[in-house]
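The values are calculated or read from the model by the stated rules, or taken from the named source; none is laboratory data. What you see is a predicted model, and the numbers here were worked out from it, not measured in a lab. Cβ placement follows ideal geometry from the backbone for every residue including glycine, while neighbour counts extend to all protein chains displayed. These accessible areas exclude ligands, DNA and RNA; they are computed on the full protein's heavy atoms, side chains included. Shrake-Rupley method; radii C 1.70, N 1.55, O 1.52, S 1.80 Å.
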Amino acid sequence: EIAAMTWEKCIAATVVHYINDVSDDMADFTPPYYADLSNFINLSKHWGEMKGFALGLQFSPVSPFRASSESLASLKSVLDLMGDGPVLADGSQAGEVGADLARVEAYRADLLTARGLLQSAYGFDEENVQNW
């Protein structure tokens, strides 16, 4: 059980790391443009890693998200806040038509909310969460 929880925390810390990376990638946008090609490539990679590792958090029986229906709702919120694709430099997301540049900053705020939910669930230190 200790090993499983330690592994779970490692996965959650990795999600936090990629939340920070996605947010940093988005900070480099000059909406509606990416900073450069590598900005787009990095955003795509970092978002895929973030969402993929986050999806893995739903399977562990020792997960703090399995403690109650409220905690499970928190995990669902984390996944919902991430969405089904990153918000792109033009403000579009997951193939939606109609870009909205305000969504770039709103999505970054959503990611910070998701990061806070993970921090709370796993008892991560605030300074670590900001710097991973």
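Report the Stokes-Einstein translational diffusion coefficient (µm² s⁻¹, integer) for the range 1-71, Rh taken as the Kirkwood radius over Cα pairs, at 25 °C with viscosity 0.890 mPa s.
D, rounded to a whole number, is 181 µm²/s.
Measuring from label point to label point, each 7 Å out along Cα→Cβ, what is the ALA73 to CYS10 span in nm?
Result: 3.3 nm between the two label points.
Can you give me the relative contact order of the chain as a percent, contacts being Cα pairs under 8 Å and 6 or more apart?
Reported relative contact order: 30 percent.
Which of rounded, prolate or oblate describes the range 58-125 when judged by the alpha-carbon gyration tensor and an a/c cut-off of 1.5?
Verdict is prolate for the range 58-125.
When the accessible area of the chain is computed with all protein chains present and a 1.4 Å probe, what percentage of it is carbon and sulfur?
That share works out to 56 percent.
Take the Cβ-Cβ distance between GLN58 and ALA27 as r, set R0 to 35 Å, and report the resulting FRET efficiency rounded to the nearest 0.05.
Here the calculated transfer efficiency is 0.75.
Over the chain, average the accessible area per residue using a 1.4 Å probe and give it in Å², no decimals.
For the chain, the per-residue accessible area is 53 Å².
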